[in-house]
Amino acid sequence: MIGATGDLAARKLIPALYNLSVDGLLPRGGDIVGVAPSPWADDVFRDHAKAGVTQFSRTGISEPAFRDFAKRLRYVSAGANGDLGPLRSALTRDHRLVYLAVRPSSLYPLIKGLATAGLAEGTSIVAEKPFGHNLVSARALNVALHKVVPEERIFRIDHYLGKETVQNLLVFRFGNSLFERVWNRDAIAQVEITVAESLGVEHRGAFYEETGAIRDIVQNHLMQLLMVATMEPPTSFDAEAIRNEKIQVLRALNPVNPKDVVRGQYSGGTVDGMQVTGYRHETGVARDSDTETYAAMRLNIDSWRWSGVPFLIRTGKRLKARDTRIVIVFRDAPLQLFRQYGVQHVDNNQLVVHIQPDEGIALSFVAKRPGPDVMTQTVGMNFSYGTSFKSSPPEAYERLLHDALNADHTLFIREDEVERGWEVLQPVLDNPPHVAMYKSGSWGPEGAGRIAKPRHWHDPVDLHLTGGGGA
Ligand code: BG6
């Protein structure tokens, strides 16, 4: 685990490995070697791991289970300027999975460092997102990686693919015959995907200045959600069959027109009842920063299934609530039959896939209100994970680390996927529209409504698992 002293390791990777250990899902034997430039002893790393597990493990910590897990933990000080030499003598096994949990700018030197240290043989690599900074750098990274290890031993990670609800979307679409029949331009008027966060950039200001919302979320998490929601049925549930269909979506996606993009940056405001500072006052951020903390785009998929359907995607930090969802807005009913009773408008049917924080699927439709008059009301049918399955799902990183250890590529990003993802976004990276300010605690810049016209965005408050909303 290169980058072992960092934020991702403490919050996600170490707790995920601990829970895999608790569930007996780690390979027998085998060490977990933390690697970073800091001159730590094994014990310091174990204490650091314990603090991470205590604070972030979804199951909490059990002393005996942690003692058992900690027996595997070792630490090697290496990696400064890509020098991984000290790691060589510390690794005793022929095969290893090397997790590169580092900033995008450190990836390239570390990949070269693996080769220079003679560690290419027997190594598989897990590379964190964002993979590259643009199309050119992603291609260069792929070339550099392939000089060290072949594609079959590369796992480009996007933790959204490890979320249960995202995987369930595939089962929902391809395991039920009802929905797939209407999953196309004939029945669907608009698709929206929102990844809203109430958190700001926290202590990651310096990292965020290098990335911004488009590189941090749109190029990866939002693109992956889009692909899973719109891909054609694969011929089987194999890794390559699924990835072949996902890439077809990206190929059919028109490169984004900067006119169809809104970039925003949060100013101070109130979120969850707390007064918060604006982005430009966060630690590590330039006072005149132009980095976007919000991005919204309108996309078109030029395919037989989706031609003409607007896809609206957006993400932002310091928004009103944490809420990730896919909203499928169905077409209007062909006739307004109830006008004679004074009903001027009935809401469109909507299917909402709630990804977080409440995981579930909600279908809204119109019903007649009880009584002698014809009056309509939008109501909902809801499936919620919490109610139907009483156990908490594993964390995305648990699933993905387990899959990488078992060499299963299904939920990892292929070389062509990552490159095409950048290619689609390159026009906006080359010509970014100006950044509009939005208040922390709002739903983003007011101008975002422009790209949704003639329809509009459905802000998460419009629809909840327990009810329906207007179209
Ligand atoms: C990460 C981004 O990939 O995803 C973060 O780098 C973001 O900026 C995080 O906060 C969101 O993940 P989740 O699982 O909390 O939605």
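The values are calculated or read from the model by the stated rules, or taken from the named source; none is laboratory data. Because the structure is a prediction, the values reported are computed rather than measured. Here the Cβ positions follow ideal geometry from the backbone for every residue, glycine too, while neighbour counts run over all protein chains shown. Areas reflect the complete protein model, heavy atoms only, side chains present, ligands, DNA and RNA absent. Shrake-Rupley method; radii C 1.70, N 1.55, O 1.52, S 1.80 Å.
If you go through segment 268-297 one residue at a time, how many are closer than 30 Å to Val309 by Cβ and not in a loop (DSSP other than H, G, I, E, B)?
Selection size over segment 268-297: 4.
Have a look at Leu337, Leu319, Leu312 and point out the one that is away from the ligand (no atom under 16 Å from the Cβ) and buried (at least 23 other Cβ atoms within 10 Å of the Cβ).
Answer to the selection: Leu312.
How many residues does segment 370-390 hold that are surrounded by 11 or more Cβ atoms within 10 Å (Cβ to Cβ) and not polar (S, T, N, Q)?
9
Which of the residues spanning segment 364-407 are among the charged types (D, E, K, R) and at pLDDT below 95?
Within segment 364-407, Lys368, Arg369, Asp373, Lys390, Glu395 qualify.
Looking at Arg298, Arg331, Arg305, Arg325, which is the one that is basic (Lys, Arg), touching a residue at least 60 places away in the same chain (Cβ under 8 Å) and within 16 Å of the ligand (Cβ to nearest atom)?
Step by step, each of Arg298, Arg331, Arg305, Arg325 is checked, and only Arg325 is basic (Lys, Arg), touching a residue at least 60 places away in the same chain (Cβ under 8 Å) and within 16 Å of the ligand (Cβ to nearest atom).
For residues that are open to solvent by 30 Å² or more (accessible area, probe 1.4 Å) and in contact with a helix residue (DSSP H, G or I) (Cβ under 7 Å, 6 or more places away or on another chain), scanning just segment 123-136, find the one that is modelled with the highest pLDDT.
Among them, the one singled out is Asn134.
Report yes if Arg103 is of a type in the set (D, E, K, R) and more than 28 Å from the chain's Cα centre (by Cα), otherwise no.
Answer is no for this residue.
In this structure, does Val166 turn out to be closer than 30 Å to Val329 by Cβ, in the same structural domain as Pro233 (by TED's automatic domain parsing), among the hydrophobic types (A, V, I, L, M, F, W, C) and crowded, with 21+ Cβ neighbours inside 10 Å?
So Val166 fits the description; yes.
Out of all the residues in segment 249-279, which are aliphatic (A, V, I, L, M) and surrounded by 15 or more Cβ atoms within 10 Å (Cβ to Cβ)?
Selection gives Val249, Leu250, Ala252, Leu253, Val256, Val261, Val262, Val271, Val276.
For segment 163-267, please list each of the helices (runs of 4 or more DSSP H) lying entirely inside it that holds at least 2 residues being away from the ligand (no atom under 16 Å from the Cβ), at pLDDT 95 or above and within 25 Å of Asp416 (Cα to Cα).
Output list reads 223-230, 239-252.
Does any residue in segment 72-95 that is under 21 Å from Gly6 (Cα atoms) come within less than 7 Å, Cβ to Cβ, of a residue that is of a type in the set (Ser, Thr, Tyr) six or more places away or on a different chain, and which pairs are these?
Hits for this filter: Ser77/Ser38; Pro86/Ser77.
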